[in-house]
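What follows draws every value from the coordinates through simple rules; no lab data is involved. Small disclaimer: the values here were computed from a predicted structure and weren't measured. Here the Cβ is made from the backbone with ideal geometry for all residues, glycine too, and neighbour counts use every protein chain on show.
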Amino acid sequence: MPDSPAERPRRIVARREGPMLVEGPVEIVLEDGTTVSSDRFCVALCTCRRSRIFPWCDTSHRRHSPAPRPAADH
Amino acid sequence: MEPAVKRPYAEPELPPSRGAISAALIEYLRGTGPLPDDAVLAGAEPLGDDLQLALYLCYELHYRGFAGVDGAREWDPELLRVRAALEKPFLAALRAGATRHTRADEALDELLVEPVDGEGVSHFLQDKGELWQLREYAAQRSVYHLKEADPHAWVLPRLWGRAKAGMAAIEFDEWGAGRAERVHAQLFADLMTDLGLDPSYGRYLDASGAEALAVVNLMSLFGLHREMRGALVGHFAAVETTSSPGSRRLASAMRRTEAGPAAEHFYAEHVEADAVHEQVVRREVVAGLLEEEPHLDADIAFGVDATGWVEDRLADRLLEAWRSGRSSLRTAV
C-alpha cells in the first residue's frame, strides 16, 4: 500500500498562528529529558509557548478581548 | 433471560410529564392513551418545559429508548407527525432569536477571541463554584454527555471528502479511539461517580430544566434532518471551538473543590482533545463542507449562532439561581 503511514512522510500542518498539527501517535522529548506521548490521530503542538499543558496546545494563543462575548460556554 | 443485576445503561424509565403535551405523549408511549391533539400542540411555548420534554422524548426513541416502550414507536408515522409539529415552533424560535451571521467564518471567528473578564458558567464555577453547584452542573449536562458525540454521528453519511474524513476522525476520538474506557461518555460517567451522582443513562432528565433540554434537542434536531447538515456542522464547530478554554476552567473548579481525579480528568482531557478538534473541525469539516456545498454557508453560521444562544439561555438560568443561592434544578439530586 503506497499510502500506508509507514511508507509516506509524516504530515505536519504549520500555520503562523495557532498550533502545529502533527499526525499521531507522537513521542516528544522535553528539555529536562522527560518524554511525553500521545496516540491521538492528530496532536496540536503549542508554538506560542503560552500553553499550560506544553507541549500540547490549550488554545492559549487566542486573542483576548476586554468585553465578555455573548456566546457558548462549556 | 434478563440478567439478575441491573445493567448500568439499561433503558431509562419514562419521566413525569410537564404539561398537557408531554402528559399525552407519555400515555401514548405507554400504550394507554392518544397522542396530543392539534389544539394542544398549537398552544405550546416553544422553549418551555412541556414542549422541550415532549421533543426530548420523541428524539430519545432514536438513541436508547425507554423501558416499557415498544421499539417500533421510533418510526411510528403519527408520532413523527407530532414530532414535526413540535420541531416547527422550536426551529422558528431558534431562527428568530439566534441568527446573527450569514457566514460561517464570521460566526466562528467571534468564538476565537477569549474575553479577559468572562462571565460564563465556567468562569463562575472556576472562581467560586461550590461542590453542590458542580453537582447540579454535571447532573444537567449528563442529558448530553452520557451520549456525547452521538447526535453528530448522523451527519456522517451526508458528508463527503475532507468533511467526512475530518468528522469521522473527531468522532473516533470522542468514542475513545477504540478503547471503551476512554469513550467520553464513559469519562463523564466516571466524573458523575466522583461527584456522588448516579451515572445511569437518563437518571437526571426530570431534574433538568427546559434550557438544558433545549441544548440536547438542538443537536438531535440538526442531527436527524439531512437538510440541516450545515447547521449540525456549525453546531459541532461551535462546541469544539469553545470547549477547550471552558474545560480548562472547569478542570480548575474540580481541582479546587477536590471533586476527584475522574471529575478533573474529564475536563483536562477536553482541554487537550478539543484544542485538536477545533483545528480539524474548522480546517477540514467546515472548510471541506463549504468546498463541496458552498450554499450551506448561512446554515453553518446558523448552527454556530443557535448553539451560543441555547447555551446562553442555560447559563442565565444556572447563574441566576446560583447567584441568589438557589438550586438551578427542577428536582433535588
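In sequence order, the stretch B:313-328 has phi-based couplings of 5, 5, 4, 4, 5, 5, 5, 4, 5, 5, 5, 9, x, 9, 6, 8 Hz under the Karplus curve 6.51 cos²θ - 1.76 cosθ + 1.60, θ = phi - 60°, and Gly or Pro positions carry x. Set the Cα radius of gyration of the stretch B:114-197 against 2.2 N^0.38 Å, with N its number of residues, and you get 1.35. Taking a Cβ cut-off of under 12 Å around B:Thr102, the surrounding Lys, Arg, Asp and Glu residues balance to a net charge of -3, with basic ones at +1 and acidic ones at -1. Translational diffusion of the stretch A:1-61 was estimated from the Stokes-Einstein equation, with Rh taken as the Kirkwood radius over Cα pairs; at 20 °C and 1.002 mPa s the coefficient is 171 µm²/s.
Under a model in which nothing but the beta-carbon of Lys, Arg (+1) and Asp, Glu (-1) is charged, the stretch B:219-260 shows a dipole of about 140 debye around its Cα centre. Across all directions, the average flat footprint of the convex hull enclosing the Cα atoms of chain B is 17.1 nm².
Rounded to the nearest 20 debye, the dipole magnitude of the protein assembly as shown is 440 debye, with +1 charges on Lys and Arg beta carbons, -1 on Asp and Glu beta carbons, and the Cα centre as origin. Electrostatic bookkeeping for B:Ser252 treats Lys and Arg as +1 and Asp and Glu as -1; over the other residues with beta carbon under 13 Å from its beta carbon, the sum is +2. Projecting the Cα atoms of B:Leu14, B:Val310, B:Gly178 onto the dipole axis of chain B, where Lys and Arg carry +1 and Asp and Glu carry -1 at the beta carbon, places B:Leu14 farthest toward the positive end. As a proxy for reagent exposure, ranking A:Cys57, A:Cys46 by other Cβ atoms within 10 Å from fewest up yields A:Cys46, A:Cys57. When the protein assembly as shown is described by a simple charge dipole with +1 on each Lys and Arg Cβ and -1 on each Asp and Glu Cβ, the residue from B:Ala96, B:Pro36, B:His265 located farthest towards its positive end is B:His265. Each of B:Arg323, B:Arg158, B:Arg141 has some number of other Cβ atoms within 10 Å of its Cβ, and from fewest to most they run B:Arg323, B:Arg158, B:Arg141. Counting only DSSP H runs of at least 4 residues, each contributing -39500 (n - 2.57), and dividing by the residue count of chain B, the helix-based mean residue ellipticity at 222 nm comes to -20000 deg cm²/dmol. Sequence-distant contacts, meaning Cα pairs under 8 Å at least 6 residues apart, place the relative contact order of chain B at 24 percent. Here the spin labels are modelled as points 7 Å beyond Cα on the Cα-Cβ line, and at A:Thr35 and B:Glu114 they lie 3.1 nm apart.
By the beta-carbon count within 10 Å of each Cβ, the least crowded to most crowded order of B:His295, A:His64, fewest first, is B:His295, A:His64. DSSP finds beta bridges in the protein assembly as shown, and of those with both partners inside it, around 80 percent are antiparallel.
Equivalent-ellipsoid semi-axes for the protein assembly as shown (Cα gyration tensor, √(5λ), whole Å, largest first): 35, 24, 22. Summing Cβ point charges (Lys, Arg +1; Asp, Glu -1) relative to the Cα centre of the stretch A:1-61 gives a dipole of roughly 320 debye. With contacts taken as Cα pairs under 8 Å and at least 6 residues apart, the stretch A:1-61 reaches a relative contact order of 25 percent.
Note on B:Lys128: aspartates and glutamates with a C-alpha under 17 Å away, same-chain residues under 8 apart excluded, are A:Asp73, B:Asp117, B:Glu119, B:Glu136, B:Glu258, B:Glu264, B:Asp316, B:Glu320.
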